[in-house]
1. Tell me which of these C:Gly238 doesn't satisfy, since it passes every other one: (1) touching a residue at least 24 places away in the same chain (Cβ under 8 Å); (2) surrounded by fewer than 21 Cβ atoms within 10 Å (Cβ to Cβ); (3) away from chain D (no Cβ under 14 Å); (4) small (Gly, Ala, Ser).
2. Would you check which residues across region C:100-109 are facing chain D (nearest Cβ under 9 Å) and crowded, with 24+ Cβ neighbours inside 10 Å and list them?
3. Looking at F:Asp101, F:Asp32, F:Asp74, can you tell me which residue is at pLDDT below 95 and away from chain C (no Cβ under 14 Å)?
4. Would it be correct to say that D:Leu126 is more than 9 Å from chain B (Cβ to nearest Cβ), touching a Ser or Thr at 6+ places or on another chain (Cβ under 8 Å) and touching a residue at least 12 places away in the same chain (Cβ under 8 Å)?
5. Identify all residues within region B:131-162 that are assigned to a strand (DSSP E or B) and under 14 Å from the mean Cα position of the chain (by Cα); write none if there are none.
6. Determine if region D:212-221 includes at least one residue that is surrounded by fewer than 23 Cβ atoms within 10 Å (Cβ to Cβ), of a type in the set (Val, Ile, Thr) and over 19 Å from C:Ile103 (Cβ atoms).
7. When the residues of region D:208-267 are narrowed to those that are in a helix (DSSP H, G or I), among the small types (Gly, Ala, Ser) and under 30 Å from C:Ser194 (Cα atoms), which ends up nearest to the other protein chains (Cβ to nearest Cβ)?
8. I'd like to know if region F:18-30 contains one or more residues that are buried (at least 21 other Cβ atoms within 10 Å of the Cβ) and in contact with a Gly (Cβ under 8 Å, 6 or more places away or on another chain).
Amino acid sequence: MITIITLGTNIGAKSREDGRAFDELRNLKIEAGVLERADGSAYLEFGGNKVLVAVYGPKESFIRRFQRPDRAYIRCRYNMAPFSVDDRKRPGPDRRSIEISKITAEALQPAVILEKYPRSVIEIFIEVLEAEGGTRCAGITAASVALADAGIPMKDMVVACAAGKVDGQVVLDLSEVEDKDGQADVPVAILPRSGEVTLLQSDGNLTTAEFEKALDLAIKGCNQISEVQKEALKKRYGE
Amino acid sequence: MITIITLGTNIGAKSREDGRAFDELRNLKIEAGVLERADGSAYLEFGGNKVLVAVYGPKESFIRRFQRPDRAYIRCRYNMAPFSVDDRKRPGPDRRSIEISKITAEALQPAVILEKYPRSVIEIFIEVLEAEGGTRCAGITAASVALADAGIPMKDMVVACAAGKVDGQVVLDLSEVEDKDGQADVPVAILPRSGEVTLLQSDGNLTTAEFEKALDLAIKGCNQISEVQKEALKKRYGE
Amino acid sequence: MITIITLGTNIGAKSREDGRAFDELRNLKIEAGVLERADGSAYLEFGGNKVLVAVYGPKESFIRRFQRPDRAYIRCRYNMAPFSVDDRKRPGPDRRSIEISKITAEALQPAVILEKYPRSVIEIFIEVLEAEGGTRCAGITAASVALADAGIPMKDMVVACAAGKVDGQVVLDLSEVEDKDGQADVPVAILPRSGEVTLLQSDGNLTTAEFEKALDLAIKGCNQISEVQKEALKKRYGE
Amino acid sequence: MVNKMNIVPEITRKSITHLINNEERVDGRAMDEYREISLETGVISKAGGSARVKIGNTQIMVGTKPQIGEPFPDTPDVGVLMTNSELLPMASPSFEPGPPDERSVELSRVADRCIRESQMVDLDKLCIIPGKKVWMVFIDLHILDYDGNLMDAAVLGAVAALKNTMIPEVKVVDNEIIIDHENMKPLPIREEVVMCTFAKIGEQLVIDPSFDEEEILSARLSIGITASDKICAMQKGGDSPLTKEEIMNAVKITESKSKELMKYLEC
Amino acid sequence: MVNKMNIVPEITRKSITHLINNEERVDGRAMDEYREISLETGVISKAGGSARVKIGNTQIMVGTKPQIGEPFPDTPDVGVLMTNSELLPMASPSFEPGPPDERSVELSRVADRCIRESQMVDLDKLCIIPGKKVWMVFIDLHILDYDGNLMDAAVLGAVAALKNTMIPEVKVVDNEIIIDHENMKPLPIREEVVMCTFAKIGEQLVIDPSFDEEEILSARLSIGITASDKICAMQKGGDSPLTKEEIMNAVKITESKSKELMKYLEC
Amino acid sequence: MVNKMNIVPEITRKSITHLINNEERVDGRAMDEYREISLETGVISKAGGSARVKIGNTQIMVGTKPQIGEPFPDTPDVGVLMTNSELLPMASPSFEPGPPDERSVELSRVADRCIRESQMVDLDKLCIIPGKKVWMVFIDLHILDYDGNLMDAAVLGAVAALKNTMIPEVKVVDNEIIIDHENMKPLPIREEVVMCTFAKIGEQLVIDPSFDEEEILSARLSIGITASDKICAMQKGGDSPLTKEEIMNAVKITESKSKELMKYLEC
């Protein structure tokens, strides 16, 4: 029930610390339907990242703040396990996880047909079991699969990937080491069918030209990952 | 309005740090009806332990979590005063008091005729004013008296007492020093009429035979304490 | 839109650290209507104090605790900006601000015609942007102007001022340095029309005679400040 | 969090007020009369000092804990007093578990100021290593039963517990603190302090308001006063104003009633 | 915070109880039979040690983190174990985000006592500088999927993760601690421990209750036992009492079933 | 906690959108035009540096506090910037007291990244004793009045306050830090940075959205850019996607509009 894929072509540029080409993704596997209790779930390994996502809903929302009269509300909780990072992380939300939860919900929202479920809530729980750079993108990618596994109707499957600048070169999918030593990181999520961008951050120093290159590269990476998402669902549900 | 009692018989075994026999309880006094505002209350001294219990209810429950359609809900809060222990305890619940509150409610519940008061709540507040080993048992024993003082209908009066292993010997009712230096502690609560067990924990290393001996000894202690509970109510309400 | 006033007469007593006479107030300016979003607002500078107040309401109260069947409920939040004091203050309420919020609400309440708005709430937000002694009085004085600016009907405009004892002498309106080195501080709020006292605290050592002198002096200061309040409203709304 | 419910019905309010306007109280007390007071000290062995105080049915257990800690940066050479109060849900159906609400904060802060500003405890003598180590004395007010006038009971209990508090001798040798638990000495106490609380009901001021009286009062005034008649603390509460005359009248009564309260501290 | 909803309808309750009174279970197990168990270790590289345990559909990820810290004042010469559990909202619609509720606290405290009292980890060997620096081992129980019997899964996973835990060699030179990450060694482990949990349903005790069985149980009993048959922990739960006979019967079954569970720890 | 109420009625939504699709705005501005901006610095004497910034009716007070503290373990030789924001309930009926909600966290984290990644403050020069003591500069954003576009106002105010910040000279003598409050020097500042925020409404991107425009936007994009045109921060928000063309178009506009904003920092 596991899909492994290695993508990218080494085209002779400066080599990266793990030997990847500038446009090469880390190893990726996605598995759908891994939990019993949740309505939908997915497990993803991406380089050293291990991420588990559960989806509950759509269900009636009892909390006024999480109710919309004309559509469903997406509530997202991104959380890191205490043992997922080098120094033990104290349990519970911190400022970083609060921000990532917010932008993850915003990144997924455009794909879901929310109007079908007024006054209800769809809950997405993202657990980072091990972190090695790029967990927010990994969480979004896995969450789409979990949403599909839960049978929630979607226009498209959101997919996320980062590009960035390392040693002055624009490269795809930064590892933890590259993120730390690099000059910029640009996480991107897209709707693959339209190519539209649903998540975009940029952190570091980039010229306009470098930024555009990073954006293009990230979108290219997203499209590759999108195929793995589809494979995972096929594995579970057949064609 | 005070009842003092010394129980147990020294049958020549190894002597304990405070000179008690292996099956001897510490000095115990219980007084019912010591507070004005509460619906029921009791004060208990047991060795160096000083415990005060107040009961409110049954009253209408406004909190959904504390409502049952067919019976009353028992809510218990075990709390230690900051000055009750050697090093000042920070006010507010900690993990230990949360666990003790839960098992205390479970220990008392089987005695109360909850079906009489659907959708209502009975609140039990246990304040440890001074702690010297065995406060959870002291709290349960005092709470039963406070419940009776509040006029809450009960099938029986739950009573609690611990046994344990000290210097390799199974003994009744461990003091603070014995608990610290001992090899095991087994707090037990029973319904004296049926002898059934409503609280049982065990902490330490015991063979099966030692455990059974400790359980028997604790039940014996419970039955002795039960008499003091009855005395306290008689003192307050007459025969 | 700014009113500056210097009050008091130096009558030859021991001089104060900032050269003021014993019955002299610090420089004071009040401006009404300084915020767009709030229903009413006022900005006040008093010596080195800078205080901003916003008022919202009366509006329907959704929180049961803040509802009265026969009148409006005044909810007050006194808060200090992290940069308002010498050592950065951690954001959020502390015990001092909780107490000041309570007594500020009680000080303002007698002036407001609460019966006009049953079941509603009036919210007063006091932000201390810079603190230099006497912020609670500054907050009350500014809050009255903000309440008036919000069009809330009042019997009178509460005004506050402190007196105290410094170097053995009873003086008006202690600065931060005087408060620290002084022997007593007596913050007072009054309804200027009736002269009745709506806030009174005393902190330090005073004989009865000294206390009475301080109280009289504070009331005198209040009456002076009251004129500046009226000026501020005239500046905004005309005669 | 507190649900302040007006649990005194309108008819009771009227009858209490009517009586008081005729200078009578429901329980037969005079306007300036306290309820029965009892004070026991040394009741908690594990506390540094302790006192159980009752004023009528109001009951507070006070315990102190001296411990060695760091002084505040702005007062490096003096000891520290910390006062905390818990309005236990045990004491009243209107008290709820959780972090201290504004009533609890006001109670502990007023009691704290009253004791601190009276300079009853000689904090200079609680310095161990200037700027580094001092005695910190925690005063915990554990409210067990609430029948009105917590302020006066809190101050009375705290003062008694402080007088009852023993601390070990300490020596400083080579920058190390040696604590000698064999040699205990009392806290350095100067003159005592008490607090008197008044309620304005109808047109009258009454001292030591009961629960029912507190529920219907229009204003409250608490006055802290030392044995030598220094006013060291004052706190007005309630929704209505007081006149200057009422305030000065309360101060006068406090001067005489405080002597009565001081007597309980002698034992 | 937890909304304990009785999501098992009355009819299910009756049918489960009826079956069990006839010594049958819904999923065909015997009264003293565990569901399928799986245990993988070393699954999280960044953890000191890790284990993913499944009992039926219940799934827990356990990770340990050894770090250097200060010992508790009353045990200055021994290392520290800290157990924390998160009932993740992912695992059940009845688990909600927020600070640990009483179920989570009970789970982590019982697992903690079971491991600590078994003396499975030789804490004496985790002292680095007596009274100053010791190894602290955090055990984090991350509950991923909840289908009943968290207790036994938690202890099994925690023991496996501890056995899987490596700590670096440390030397103390001139009062400085030198950590040698090149030389990793396993935690000092003595005998192992497991926990067996029983549910009383109807008139019977069944082992390893599923979610549905937990929802309708009248009493619960968890027993921690070491490889040498020492009872090191016990915890009763639930709203109904147990007889002494039922308790001793559960102890007997635990003695034999624990051998089965221990086998999973060998791999 | 925030109650995000859609307080803009449907009819307003339609009219604003209709106007914007015709390249007009309710307040008469062009698509790429900021509201009136004002910036005062040095307004809070007790702050290390301060600025009061207004963009239209949006008003933020920013204060900085430099203090000496410990560096982060992974960057032992550089100073620390900490950005905090308070969406004061004073500023909007939709802001409520309590711990920072997700809007407040996003605001302070985006402003923080924008300033940090621009490398505007030379943090290397804020190291006092490598690995032990560094300057920590707290930047507190106090939101006083909310009429849209907090991001750009926050960055503008923070940059102005940092430029206004003075720190005392420090010397290290015998491992002790001597702070010379007589000799104050400005923070070491390199090139400046500003942020430009766009709202997508209908088919258009507009700069500097007002409150009403924010309430109806479908997507938001904030771009941080330095004086030398380096893109140092970017954050998309909102429920709808953006095309690559829209993003690159916003970057282009930012390159030119940032010059305008930079002018306010000169004074």
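1. (1) is the only condition that C:Gly238 fails.
2. Correct list: C:Ile103, C:Ala107.
3. F:Asp74
4. Details: more than 9 Å from chain B (Cβ to nearest Cβ): yes; touching a Ser or Thr at 6+ places or on another chain (Cβ under 8 Å): no; touching a residue at least 12 places away in the same chain (Cβ under 8 Å): yes.
Criteria not met by D:Leu126.
5. As a first pass, look at region B:131-162 and keep what is assigned to a strand (DSSP E or B): B:154, B:159-162.
Within region B:131-162, B:Val159, B:Ala160, B:Cys161, B:Ala162 meet the criteria.
6. Yes, some residue in region D:212-221 is surrounded by fewer than 23 Cβ atoms within 10 Å (Cβ to Cβ), of a type in the set (Val, Ile, Thr) and over 19 Å from C:Ile103 (Cβ atoms).
7. This residue is D:Ala250.
8. Yes, that holds for at least one residue.
The values are calculated or read from the model by the stated rules, or taken from the named source; none is laboratory data. Not measured: the values here are computed from a predicted model. Methodologically, a virtual Cβ is constructed for each residue, glycine included, from the backbone with ideal geometry; neighbour enumeration extends over all protein chains shown.
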